[in-house]
Amino acid sequence: MRHCGLIFFLALFLAGCSGNTRKGDALSAHQTAEKVKDSWSKMSKPLEIEVTGRTKGELEAIGSLAVWLDGMEGGKAVEFRFDGKVFKPTVPVLADSTASPHVCYPFLPSLHPADTVTISHPLGERLAGQIQSVTQTNDKTKITMKLEELTALLRLILKSDNISDVMQILEIQGDCVSTAAFLIPLKGKLAGTRADAGNVCSPNKDCLLNNGIPHDFNLIPTEDSGEIQIFLKINGKKLSISTTLPPLRRGSITELRLHVSNGKLSVGSSWVDTKHPFVKPSVFGTDSVRIGHFLQRNGTLTSKFDENTLACVIQTDGRHGKAVALDDNSTSNWFGKKSFRTGHIFDTADGKLREGYFGQPQEDEEHIVFSPRIRYPGSCALGFDDGAALTQGILRHADSHALKNFQDKRVLPSAYIPSLAEMARLAYHLEKHKDSMPAFFKMPEGIYATSSESGEDTFYSIDMTGWFVTAYNSKEHSDMKTRLFYLF
């Protein structure tokens, strides 16, 4: 019995030793796997940067970033460009899971984290990256970041009762208005402000006041509210107004809507938000606008058509001019009551006839003498080509429903109902350029209303298909098409 107990004890002892061996092997294997995993994660792989919290449109507008990583060749920042999904370097950059790059916008060549740059107006957007996470796959290292604004945005929206008002200068001034500072871009730090020299001017000059383009000022953030003075020069006349701004905190937007009416400037409304989307600055004021260029929904002009195109340029001096909408506007009775007036009555179309064909003479039909090369007096309907002034007269007397309907349909405040003279010239323009007009432009067909009055109760219409003009249209029963023009 004693012998059997000893054997049983030895069996239990040996079994315990065998279990400890298996546990030791498992622990050793786990530790080896962790070491392999750690070594694998520290292997350098191609680096890409993903930005969160921004729309694709914003990232496309940003375009590229300056990225600095310890060990980069030459010790300077590398440009990373947006490829539609992430930002990738213009030259090969490798990084492991411990990477902690400095990122900023805009890209500045030869930039180091210790570098300080002097900034002044116009500042534009200034962004700095904040790392959110680092992940690795077999073929890349991806760093997810947020881009935070370093400045505060003040946006001024201008509108005038006069469709054709031109703004020469817009300036702002005040204790809370500062654009001069020292910046450490890659660290996202403002190292101190400098005194500004004079007023801060909008880069948009000599532009249509009602073009819908916002005037943006990126300013040094403040923690206190302050008074601001706004100076405008419109059609050679100087206007000004003062108002109080709330604290301009980093990344915030403060918007003021200014209204010019009867030669006076006023603040219509205002609002503040803690964050604003990134918007690429509008390029305006080139002196190379040509017939055939396009007016965009944001009031800018471009040589290329896209989804934001609103109208085609048909007349320009290189900077200002007129554009015609791509399609017809919805039907509306612009005149309304019989008493509505534009302030202009045109008794005849060319000084002789009130109705007839204005193109090639038709057999046995009355023919109105008209050519875009002939200068007709402004007292004739075919000599008055300022439909903006006529439209303004109509709207001045319009009821609230008619006014709202027109405002909803015209997209930009610079839109108006063309005069008879403008529509007749458009007919000639389209006839001459019909083979070169873009496919997305809908050619006017049928009878169109104009803003030219022929009498107390009547107005002129034009048949763009049959090239026929008539003055005998009732203001009370206008169900014709309209094709809006736009000033720019």
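The values are calculated or read from the model by the stated rules, or taken from the named source; none is laboratory data. Computed from a predicted structure; not experimentally measured. Heads up, the Cβs are rebuilt from the backbone with ideal geometry, glycines too, and the neighbour counts pull from every protein chain shown. What goes into the accessible areas is simple: the full protein's heavy atoms, side chains included, and nothing from ligands, DNA or RNA. Shrake-Rupley method; radii C 1.70, N 1.55, O 1.52, S 1.80 Å.
Data overview
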quantity: Set of lysines with alpha-carbon distance to Lys142 below 22 Å, sequence-local pairs under 8 removed; calculated: Lys35, Lys37, Lys42, Lys45, Lys56, Lys76, Lys85, Lys88, Lys187
quantity: Most to least accessible of Val93, Val369 (protein chains only, probe 1.4 Å); calculated: Val369, Val93
quantity: Accessible area of the chain belonging to carbon and sulfur atoms, whole % at 1.4 Å probe; calculated: 51
quantity: Sequence of Thr254, Thr243 when ordered by accessible area, the most exposed leading, probe 1.4 angstrom; calculated: Thr243, Thr254
quantity: Distance between region 412-488 and region 270-328 - C-alpha centres, whole angstrom; calculated: 22
quantity: C-alpha center-to-center spacing [region 119-180, region 211-229] in angstrom; calculated: 11
quantity: FRET E, pair His397, Val272, Förster distance 51 Å, beta-carbon r, rounded to 0.05; calculated: 0.90
quantity: Ellipticity estimate at 222 nm from DSSP helix runs (n ≥ 4, -39,500 (n - 2.57)) divided over the chain, nearest 500; calculated: -5500 deg cm²/dmol
quantity: Nearest-ten-degree value, helix 387-397 long axis tilted from longest Cα axis of the chain; calculated: 90
quantity: On Cα atoms only, tilt of 2-41 relative to the major axis of the chain in degrees; calculated: 30
quantity: Solvent-accessible surface (1.4 angstrom probe) belonging to Leu147, in square angstrom, nearest 10; calculated: 10
quantity: Per residue, in Å², the accessible surface of region 353-488 once ligands and nucleic acids are set aside, probe 1.4 Å; calculated: 47
quantity: Label point 7 Å beyond Cα of Asp224 along Cβ direction - residues of region 146-189 with amide nitrogen under 15 Å; calculated: 174-178
quantity: Point-to-point label distance, Leu353-Asn199, nm (Cα→Cβ direction, 7 Å offset); calculated: 5.4
quantity: Region 179-221 - Kirkwood radius from inverse mean 1/r over Cα pairs (Å); calculated: 12.9
quantity: Within straight-line cross-link reach of Lys237, lysines at Cα separation under 27 Å, skipping those fewer than 8 residues along the same chain; calculated: Lys159, Lys205, Lys264, Lys322
quantity: For the chain, with +1 on Lys and Arg beta carbons and -1 on Asp and Glu, the positive-most of Ile230, Ile62, Phe80 along the dipole; calculated: Phe80
quantity: Amide proton proximity set for Met145, modelled H, under 5 Å, gap of 5+; calculated: Glu50, Val51, Thr52, Gln132
quantity: Calculated diffusion of region 192-278, Stokes-Einstein form, Kirkwood radius summed over Cα pairs, 20 °C and 1.002 mPa s, µm²/s; calculated: 145
quantity: Helix axis angle, 420-433 relative to the chain longest principal axis, alpha carbon, degrees; calculated: 60
quantity: Accessible area in the full protein assembly, largest first, 1.4 Å probe, for Arg126, Arg483; calculated: Arg126, Arg483
quantity: Charge dipole (debye, nearest 20) of the chain; +1 at Cβ of Lys and Arg, -1 at Cβ of Asp and Glu; calculated: 1820
quantity: Contour minus Cα-Cα distance for Asp328 and Arg250 (0.36 nm per residue); calculated: 23.7 nm
quantity: Two-decimal Rg to Rh for the chain - Kirkwood Rh, Cα set; calculated: 1.23
